[in-house]
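Rule-based calculations on the coordinates, nothing more; no lab input. Quick caveat, the model's predicted, so the values are computed rather than measured. Quick reminder, even Gly has a Cβ in these numbers, built from the backbone with ideal geometry, and neighbours come from all protein chains shown.
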Amino acid sequence: MNKKFIFCVVWSIMNISIFSEVKKEILSNGITFIHNHNPNQPIVSVVIFLKMGEIYESKKCKGISDLLQSVIVKGTKNRTAEQIAEEIESLGGTISADASEDYSTLSVAVGSQYFDKAVDILSDIFKNPTFPKNEIEKEKINIIASIISRKDKIFDVAIDELLYNLYGKNHPYGRKPIDSVKTIKKFSQKDLFTWWQKFYGVDKNKKNVVIVVSGDVNYDFAKEIILKYFSDIPEIELSDIVYSEVKPKDKYVKKKVHFKQGYLMYGFISPKINKDNLSDYLSLKLINAYLGGGMSGKLFEYLREEHSLCYETNSFYPTQILDSHCVIYLGLDYNRIDIAKKEIEKIINQIINGEILNEDDLKEVKRKIKGRYLIDHQTNLQQAWYLGFWEIIGMGYDYDQQYIKDLDKISISEVRRVAKKIFSSPKIVIELVPKRK
């Protein structure tokens, strides 16, 4: 088949709006309500975003948001954990609660005919959790086991060490997960109720609660049901974000580990998502997609395929509310670490100097990001998540469509400017090598 024809078809698909009809309204009680009408399938998803996560936690509270979200679906004043699970299963649906560094979510997905019932269950969890003591202890065991198991995964050991050195111990992104084991063990039922009261309410000024409905229900009905079950949630005064200023310095850390292989990781402080520095943010997203992106990425092609230096390599640059980080990593034979460092530095310098990542590369990277974007929006739940994500981090729900358009506007000169700015700044390099017997 003609490649030009394929490209035109893909490009046409990419330019079709994913959302048929999206509306936003600030409800009378301060909740931000977003509705995406998608009548293509008789399914509906509801995602609630809350400004609650690690960036709001002090050292003494580290891990409490994660624990709370793990337990909040384990019982309410009206339903036991078993009843919640049975009711959702009887509707053929799913329910979940998650916590991240910057925000937390509650979500449910069901057939659209069960929308009212699903929101009833979700609101009961939101407003009436009981945090059963036995469930708290179970989740503590699970969370602590997950944290301790990080020492057996070489990537986790490397990234924990890198973020600690990049941000410092007083920054929420820099605190090591293992340090939260002591605090998690101490959290009581009372502590969870106190934390829940601080965040599970509406601060009208800070717009801390976003509810997204996406699927086969019309706007008026969706709004009616949300108001029916969420009109009585209390007002709160949201806590401030807890963090220290990031002042990185060039640092090289060599650590002996119990693994047989070696690991190399580079980290750079990078732009947070902000309307005032979109060019830097978007340019680095393109650079990251060029370097990483699996088998088609420059790191994989050059370090693994051409030079056989490593068994895995990639890069990532997460979208975060506070200063983010761009990370390059590779797993390899520890005897080849010195060679690998020279080759990584070579790639970085070539990008800065414009020797690689040209106009054609940039066009290809943009197409790759657009394709992944479409795939990430296939379901109502995914669409609801993205609308809520952009809203809760301050960019507005409609940036989900604008994001791709803004990426298209980034020029090769902007990419090179940002590459020089980021990769010439102080960096942290982590080298993991086996302990010698």
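Here are the numbers for this structure:
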item: 436, 79 arranged by Cβ crowding within 10 Å, fewest neighbours leading; result: 436, 79
item: 11 Å beta-carbon shell around residue 65, net charge (K/R +1, D/E -1); result: -3
item: Between 0 and 90°, nearest 10: helix 219-230 axis offset from the chain longest Cα axis; result: 80 degrees
item: Cα shape, the stretch 256-300, gyration tensor, a/c 1.5 rule; result: oblate
item: The chain, relative contact order in percent, only Cα pairs under 8 angstrom and at least six apart counted; result: 22 percent
item: Cα gyration tensor shape for the stretch 135-284, rounded if a/c is under 1.5, else prolate or oblate; result: prolate
item: Quotient of C-alpha Rg and 2.2 N^0.38 Å, computed over the chain; result: 1.05
item: Stokes-Einstein diffusion coefficient of the stretch 228-316, Kirkwood radius over Cα pairs, 10 °C, 1.306 mPa s, in µm²/s; result: 90 µm²/s
item: Hydrodynamic radius (Kirkwood) for the stretch 20-230, which is based on Cα pairs only, to one decimal in Å; result: 18.4 Å
item: Residue among 291, 193, 115 farthest towards the positive dipole end of the chain, charges placed on Cβ; result: 291
item: Label-point separation in nm, residue 250 to residue 203, each point 7 Å along Cα→Cβ; result: 4.0 nm
item: Fewest-first sequence of 373, 243 by Cβ atoms within 10 Å of each Cβ; result: 373, 243
item: Positive minus negative residues near residue 277 (Lys, Arg vs Asp, Glu; Cβ under 14 Å); result: 0
item: Sites residue 58 and residue 308, calculated FRET efficiency, Cβ-Cβ separation with R0 45 Å, nearest 0.05; result: 0.45
item: Gain on full stretching of the segment that runs from residue 25 to residue 224 - 0.36 nm per residue minus C-alpha separation; result: 70.4 nm
item: Local electrostatic count at residue 238 - Lys and Arg +1, Asp and Glu -1, tallied over other residues with Cβ under 14 Å; result: -1
item: Cβ-based exposure ranking for 115, 199, in which fewest neighbours within 10 Å come first; result: 199, 115
item: Linear extension gain, residue 153 paired with residue 374, 0.36 nm per residue minus alpha-carbon span; result: 76.4 nm
